[in-house]
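Only one structure is covered here, and it is reproduced in the block below.
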Amino acid sequence: MTPRLPPVLSPADLPLAELLAARLDGELFGVGTAFAPVDELERPLHRAASLAGANPRLIAEQRTAAWIWGALAEPPARHEFCSTLTERVAHPTSRWLTVREVVLDVDDIATLADRQVTTPLRTCADLARFSTTFGEQERSIVHTLASAHGFGMPELRSVLDRRRNLPHKALAADRLGTCLS
């Protein structure tokens with residue numbers, strides 16, 4: 001019996017030249033900075049696994065999480081990660097990622113391919129709270145995630161109301177109201 005390739009390949013599995021040649025030959029397709037066999041259907045699991053090079057204690061959030069959940073067609077140019085205050089993860093300096101410390105509840109995190117990622121609900125709340133601008137792309141992400149995962153403004157309001165002194169709560173409620181009303 002021939003062994004099956006893993007669903008996502010990186011230079012840790014095969015030399016980069018071989019991966020690129022297999023992509024040119026039509027045997028693999030790109031998933032972020034990794035590759036998957038063409039007989040795989042790209043799913044959140046694949047996109048999460050493509051981030052295996054990042055510290056596994058970091059949690060994918062905001063636009064990176066939106067890409068993992070399928071609300072963005074392409075990964076962001078700069079991946080967004082967070083860590084909990086209790087994890088105390090060293091913040092790497094890199095051109096391809098940002099890291100911030102946050103307070104998260106257990107139900108704010110999902111695990112896909114051994115990678116932690118904020119849930120679609122928490123991803124929408126964070127985008128509304130922390131995006132410098134809340135334009136068409138952000139509204140589209142919120143709408144896509146809410147539709148695909150079956151939640152609306154009441155559930156988002158519940159996330160925002162969990163903590164009394166949540167920064168940017170009112171701003172987020174106004175922004176979310178514009179795309180889910």
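Residues in region 61-68: is at least one modelled with pLDDT of 95 or more and out of contact with any strand residue (DSSP E or B) (no Cβ under 7 Å at 6 or more places or on another chain)? Break it down stepwise before answering.
If we filter region 61-68 for residues that are modelled with pLDDT of 95 or more, which is where we start, we get 61-68.
When the remaining residues are screened for being out of contact with any strand residue (DSSP E or B) (no Cβ under 7 Å at 6 or more places or on another chain), the result is 66-67.
Yes: region 61-68 contains one or more residues that are modelled with pLDDT of 95 or more and out of contact with any strand residue (DSSP E or B) (no Cβ under 7 Å at 6 or more places or on another chain).
Looking at this structure, is residue 33 outside the structural domain of residue 126 (by TED's automatic domain parsing) and within 30 Å of residue 103 (Cα to Cα)?
In short, yes.
Testing residue 25 on (1) within 30 Å of residue 155 (Cα to Cα); (2) modelled with pLDDT of 95 or more, one condition comes back false. Which one is that?
The failed condition is (1).
Output the residue which, of all residues in region 6-22 that are more than 24 Å from the chain's Cα centre (by Cα) and assigned to a loop (DSSP other than H, G, I, E, B), is farthest from residue 42 (Cα to Cα).
The residue in question is 15.
For region 1-42, give me the residue count where each residue is touching a residue at least 12 places away in the same chain (Cβ under 8 Å) and of a type in the set (D, E, K, R).
Residues meeting the conditions: 3.
Take residue 132 and tell me if it is of a type in the set (Ser, Thr, Tyr) and under 22 Å from residue 99 (Cβ atoms). Lay out the reasoning, then the answer.
Working: of a type in the set (Ser, Thr, Tyr): yes; under 22 Å from residue 99 (Cβ atoms): yes.
For residue 132, the condition - of a type in the set (Ser, Thr, Tyr) and under 22 Å from residue 99 (Cβ atoms) - is met.
If a residue has to be exposed (fewer than 12 other Cβ atoms within 10 Å of the Cβ) and closer than 20 Å to residue 44 by Cα to count, how many in region 93-112 make the cut?
Total meeting the criteria: 3.
Take region 23-66 and flag every residue that is in a helix (DSSP H, G or I) and either of a type in the set (S, T, N, Q) or touching an Asp or Glu at 6+ places or on another chain (Cβ under 7 Å) (or both).
Residues of region 23-66 that are in a helix (DSSP H, G or I), as a first pass: 23-24, 44-49, 62-66.
Correct list: 46, 62, 63, 64.
The values are calculated or read from the model by the stated rules, or taken from the named source; none is laboratory data. None of these values were measured; they are calculated from a predicted model. Virtual Cβ from ideal backbone geometry, glycine too; neighbours counted across all protein chains shown.
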